[in-house]
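Undergrad: Let me begin by handing over the structure; questions about it come next.
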Amino acid sequence: MRSSSLALGIVASLAVLLAWAGAVDSVRDLGDELKSMRRGRVSMANITLLDVRIGRETLDDVRSRFGAANAFRVPPNSASANDEICYSSAAPADETRVIFASGPMGGWSEVTEFQVLSRGAATLPCARSNRVSRSVATQGGIRLDMPLEELRSMLGAPTEQGPGYAVFAFEQKSDHPQRPDFDMISGVKATIFDGRVTSFQVFLIESN
């Protein structure tokens, strides 16, 4: 009887573990809420990916460089959700996805975040691009497969960390000369497996 109960307990634990593992498969499964932040900001080099800098380029600029792609929202009918465009690697064996997004603070035009996924859901409407591969990285060196310790050496200790993910969030007043009273929130979210980054999101928004 005891061995039967133990077996059932193990099965139940495995079911919970598998359900959790699916829930944090990529940064798209992490919540938007930032539980804590510290003073500072993500560097210019790390808000730049494939020559697209958050706050400088628009989604139309991205399309002109990567090719046509339809914008989508998750959830689709949300009035406040980001407009996103997705590109996947043109190499058949490479499942890498790169997503650029603009939210309300970017007027649904100016890029406010990007994500790099080692693989993406089949339902993501991604256009193929020769510019996308598993080796894509921010100018500062954030990339897939990098060790978590290397990310920590760049950004300091995570402001939030849990099984399978780490968040590095920062806040300060805007450093833009025309927006000194605006609040700037920036950060990096990453999913981790076996000590290495499997997906990451970089974001920067300003608001008054």
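Undergrad: Need one number: nm distance between label points at residue 29 and residue 56, each 7 Å from Cα along Cα→Cβ, rounded to one decimal.
TA: The two pseudo-label positions are separated by 3.4 nm.
Undergrad: Using the Karplus curve 6.51 cos²θ - 1.76 cosθ + 1.60 with θ = phi - 60°, what ³J(HN,Hα) values do you get for each residue of region 64-73, in whole Hz, with x for Gly and Pro?
TA: Result, rounded to whole Hz: 5, 9, 9, x, 4, 7, 7, 6, 9, 10.
Undergrad: For the pair residue 124/residue 172, report the inter-label distance in nm, with labels modelled 7 Å from Cα in the Cβ direction.
TA: Taking the simple label geometry, residue 124 and residue 172 are separated by 3.1 nm.
Undergrad: Answer with one residue from 122, 141, 108: the one whose Cα lies farthest towards the positive end of the charge dipole of region 37-160, charges on Cβ with Lys, Arg +1 and Asp, Glu -1.
TA: Of the options given, the answer is 141.
Undergrad: A further question follows. Rounded to the nearest 0.05, what FRET efficiency is calculated for residue 91 and residue 208 with R0 set to 45 Å and r the Cβ-Cβ distance? Walk me through the numbers on the way to the answer.
TA: Values: r = 44 Å, r/R0 = 0.97.
About 0.55, to the nearest 0.05.
Undergrad: Right, here's the next one. Can you give the Rg/Rh ratio of the chain, where Rg is from the C-alpha atoms and Rh is the Kirkwood radius? Write down the numbers at each step before the final one.
TA: Values: Rg = 18.5 Å, Rh = 18.1 Å.
Taking Rg over the Kirkwood Rh, I get 1.02.
Undergrad: Is there a quick way to get the dipole size of region 94-154? I mean about its Cα centre, with the Cβ of Lys and Arg at +1 and of Asp and Glu at -1; what is the value in debye to the nearest 20?
TA: The calculation lands at about 180 debye.
Undergrad: List the residues, sorted by chain then number, that are 5 or more residues from residue 128 or on another chain and whose placed amide H is less than 5 Å from its amide H.
TA: Placed amide hydrogens put 88 under 5 Å from residue 128.
Undergrad: Additional query: With n ≥ 4 as the cut-off for DSSP H runs, can you work out [θ] at 222 nm for the chain, using -39500 (n - 2.57) per run divided by the number of residues, rounded to the nearest 500?
TA: Numbers: 3 runs with 38 residues, N = 208.
Value at 222 nm, helices only, nearest 500: -6000 deg cm²/dmol.
Undergrad: Test of understanding: extend the Cα→C-beta vector of residue 179 to 7 Å, then name every residue of region 106-122 with backbone N under 17 Å from that spot.
TA: 106-114
Undergrad: Which three extents, in whole angstrom, do the alpha-carbon atoms of region 119-208 cover along their principal axes, largest first?
TA: The Cα atoms of region 119-208 stretch 41, 32, 24 Å along their principal axes.
Undergrad: Then there is this: With θ set to phi - 60° and the Karplus curve 6.51 cos²θ - 1.76 cosθ + 1.60, what are the ³J(HN,Hα) couplings of region 99-111 in order, to the nearest whole Hz, using x for Gly and Pro?
TA: These are the phi-based 3J(HN,Hα) values: 10, 10, 9, 9, x, x, 6, x, x, 6, 9, 6, 5 Hz.
Undergrad: Explain nothing, just the number: dipole magnitude of the chain about its Cα centre with +1 on each Lys and Arg Cβ and -1 on each Asp and Glu Cβ, in debye rounded to the nearest 20. Before the final figure, lay out the partial values.
TA: Working: 22 positive and 24 negative charges, 69 e Å.
Roughly 340 debye for the chain.
Undergrad: How much FRET efficiency would the formula 1/(1 + (r/R0)^6) give for residue 38 and residue 137, where r is the Cβ-Cβ distance and R0 is 25 Å, rounded to 0.05? Display every interim value, and only then the final one.
TA: Working: r = 24 Å, r/R0 = 0.96.
After rounding, the FRET efficiency stands at 0.55.
Undergrad: On full extension of the chain, what length is gained from residue 161 through residue 81, given 0.36 nm per residue of separation minus the C-alpha to C-alpha distance? Intermediate results must be reported in sequence, preceding the final value.
TA: Values: separation 80, 0.36 × 80 = 28.80 nm, distance 2.48 nm.
Full-extension gain reported as 26.3 nm.
Throughout, read-outs are computed from the coordinates displayed, never taken from laboratory work. Quantities reported herein were computed from a predicted structural model and do not represent experimental measurements. Glycine gets a Cβ as well: all are built from the backbone with ideal geometry, and neighbour counts include every protein chain shown.
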